[in-house]
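Colleague: My questions all concern the structure below.
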Amino acid sequence: MEFINSLLYATGLSGFFASRAFLPAFAAAFAMKYGHLVPWLGSIEFVQKMADAPTWFTHPAVVWGLGALAVAEMLAERSPEIRELLDEGLVYAKTGLSAATSYGLLSAADAEVVGDLVSQAGFLDSIPAAISGGLTFFLTMTRNGVVGILSEADEDDSLGMRKFISWCEEIWATFGVWVLLAIPAAVLLLNGIVFGVLYLIRKRHEGKMEAARIECPKCQTKIHCFATACLSCDTPNENPVALGFLGGMLEEKQSDVMAQKVRLIELKRSPKSGEKVKGRGADISCQEDGVAVFGDKEVNEQYFKTVDARLPKVLIVSAALGFVPILGLIAGVIYYRLQLVAPYRRYLPWSKGFLTKWLVRLVLLLLAALQIVGFGIFAVPLMALINHWMYRNAFRSGLKKKGLI
């Protein structure tokens, strides 16, 4: 029975490690070492038995070391640039930590609960850890796939969806682990439902994108319906599908090839094949077709003209939203970020993007105060104007240094 409980703990933990690497490990280690001192945690039978368990996992250095790493991970999650790297680079770290945490729980259980049962079985004590690690890898890829869909639509998180999800994941990765120790079966069921839905969303999105591909009339290569040319033979796509506000495919076609290339670049896609582009900077290229995103000076100039043309409308809408206290400020910020800031910020290198972001924030704090005291009709448009000017200049200087404009 205790071995079954260990399997439930290990399987349940994998759902938390799919979203965070260090936070669930810290929550588990803290509960085992200090949980008996916390009113609610202290009433859990598993925690009561683990209080004095002689295991490496509850050593104070391990507990607080994991705590420091968890705090660093939470701070890193607040930056879109670092978060992008974390989603891609922590898959194996999450897998390993999930297995280690599961092993830490079972090691304590060996000493205090299971007794000779597991130690006599020998290899059985490693089974839950292996299951937890393998399942974490699968769930992490599923979670990253769904998060990637959000990033495609709003890479800079101008809508704040990624930030909201991050808060939810951090709360659940902390308190959910403690709930797991009390009622593992319920948490396992809940994680199964959540990740089942995420898996279906990911597969549906992948299927939709694949179904929307068309054949090149010359070489029969499957290409995106919104591509401007074939990935393989460069044959032009005469009628690419137009792309909407957040990158969704529209019913109508885009007859203006230049406008389609600009739209693809704005969505961080190759101006030729429409494939997603990774990285930041003025000289990045698409890994699929080898095309330099900003390799055409004429397209680059049109890119600036397209974004600049939105400025008058954005200022008018921002002024109107400025009349509404607080909510108008939030809506105005989201609106001008999507329209004027995102096309530039998503390409700025980490160092330049970080500096620009904090310089802008210092100015915007004063303007936000103006909006709160009733001068929103001036404050929100000024915020939009300053954001546009600073990010545009930062991005344009990068292109100039590379001789791309």
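Quick note: the coordinates plus some simple rules give every number you see, no bench work behind them. Being a predicted model, the structure only gives us computed values, none of them experimental. Positions of Cβ are backbone-derived with ideal geometry, glycine not excepted, and every protein chain shown enters the neighbour counts.
Colleague: Hey, rough spin-label estimate for F245 and K400, points 7 angstrom out along Cα→Cβ, what's it come to in nanometres?
Modeller: The answer from the label model is 3.4 nm.
Colleague: Right, here's the next one. According to a simple spin-label model (label point 7 Å from Cα along Cα-to-Cβ), what is the distance in nm between A259 and I284?
Modeller: 2.6
Colleague: Once you place label points 7 Å from the Cα toward the Cβ at A68 and R213, how far apart are they in nm?
Modeller: 4.8
Colleague: A further question follows. If R₀ is 25 angstrom, what is the calculated FRET efficiency for the pair E206 and E238, using the beta carbon separation as r and rounding to 0.05?
Modeller: The pair E206/E238 has a calculated efficiency of 0.40.
Colleague: Shifting gears a bit: Can you compute the charge dipole magnitude of the stretch 130-191 about its Cα centre, using +1 on each Lys and Arg Cβ and -1 on each Asp and Glu Cβ, nothing else charged? Give it in debye, rounded to the nearest 20.
Modeller: My answer is approximately 320 debye.
Colleague: M249's amide H: which non-local residues (gap 5+, or another chain) put their own amide H closer than 5 Å, with H modeled 1.01 Å from N in plane and none for Pro or chain starts?
Modeller: Residues meeting the criterion, in which the H sits 1.01 Å from N, are G244.
Colleague: Still on this model: If the cut-off is a Cα-Cα distance under 20 Å, which lysines reach K203, setting aside same-chain residues fewer than 8 apart in sequence?
Modeller: K222, K276
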